[in-house]
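Every number in this text was worked out from the coordinates using simple rules, so none of it is lab data. These numbers were taken from a predicted model, which means no experiment stands behind them. Counting neighbours? That spans all protein chains shown, and the Cβs are built from the backbone with ideal geometry, glycine included.
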Amino acid sequence: MTRSRKVWIPLAVLVALTPLGLLASGTAWGEWGTDEIKGLLGYIPHGLSRLADINHIAFLPDYSLPGLGEGFAGQAVGYYISAIVGVVIIVLLTLGLGRLIVRK
């Protein structure tokens, strides 16, 4: 098995399993809002409260695109698109940084 297949096959499996998050109840780990953190901790840490609203624009808010619908199928398509966009961004950044490092 080539080195690239050892990376791409597991990555493709992870992308294919992305909509499983729709079956879980509650919020994904680490995606808590300030209200959920306050409920968990009883307070909102100062640094978090200061920076909580810094990002007002999301590229794919709630892992969806307008017009996909609110049903499971529409949400699953949004999750797939988000996963693919995320993978493409990470791969491009990794390749770009790799080329910069190799040049030096």
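Go through the range 66-84 and count every residue that is surrounded by 13 or more Cβ atoms within 10 Å (Cβ to Cβ) and under 19 Å from VAL13 (Cα atoms).
Summing the residues that are surrounded by 13 or more Cβ atoms within 10 Å (Cβ to Cβ) and under 19 Å from VAL13 (Cα atoms) in the range 66-84 gives 9.
Which residue pairs have Cβ atoms closer than 7 Å, lie 6 or more positions apart in sequence or on different chains, and pair a first residue in the range 1-15 that is within 15 Å of VAL88 (Cα to Cα) and touching a residue at least 24 places away in the same chain (Cβ under 8 Å) with a second residue that is of a type in the set (A, V, I, L, M) and surrounded by 10 or more Cβ atoms within 10 Å (Cβ to Cβ)?
Going by the 7 Å Cβ cut-off, the qualifying pairs are LEU11/VAL87; VAL15/ALA83; VAL15/ILE84; VAL15/VAL87.
Cβ-Cβ distance below 6 Å, separation of 6 or more or different chains: which pairs start in the range 16-38 with a residue that is touching a residue at least 60 places away in the same chain (Cβ under 8 Å) and part of a helix (DSSP H, G or I) and end on one that is surrounded by 11 or more Cβ atoms within 10 Å (Cβ to Cβ) and hydrophobic (A, V, I, L, M, F, W, C)?
Note: pairs meeting the criteria are THR18/ALA83; PRO19/ALA76.
Can you run down the residue pairs with Cβ atoms below 7 Å, 6 or more apart or on separate chains, where the first is in the range 86-104 and of a type in the set (A, V, I, L, M) and the partner is surrounded by 10 or more Cβ atoms within 10 Å (Cβ to Cβ)?
That search, which allows pairs on different chains as well, returns VAL87/LEU11; VAL87/VAL15.
Does the range 1-12 contain any residue that is hydroxyl-bearing (Ser, Thr, Tyr), surrounded by fewer than 13 Cβ atoms within 10 Å (Cβ to Cβ) and not in a helix (DSSP H, G or I)?
Taking every residue of the range 1-12 in turn, at least one turns out to be hydroxyl-bearing (Ser, Thr, Tyr), surrounded by fewer than 13 Cβ atoms within 10 Å (Cβ to Cβ) and not in a helix (DSSP H, G or I).
Please go through (1) under 30 Å from SER4 (Cβ atoms); (2) more than 14 Å from the chain's Cα centre (by Cα); (3) not in a helix (DSSP H, G or I) for LEU68 and return the number of the only condition it doesn't satisfy.
(1)
Condition first: touching a helix residue (DSSP H, G or I) at 6+ places or on another chain (Cβ under 6 Å) and more than 26 Å from ALA83 (Cα to Cα). Now tell me which residues in the range 31-70 satisfy that.
ILE44
Looking only at residues that are among the polar types (S, T, N, Q) and in a loop (DSSP other than H, G, I, E, B) in the range 39-65, which one is surrounded by the most Cβ atoms within 10 Å (Cβ to Cβ)?
That would be SER64.
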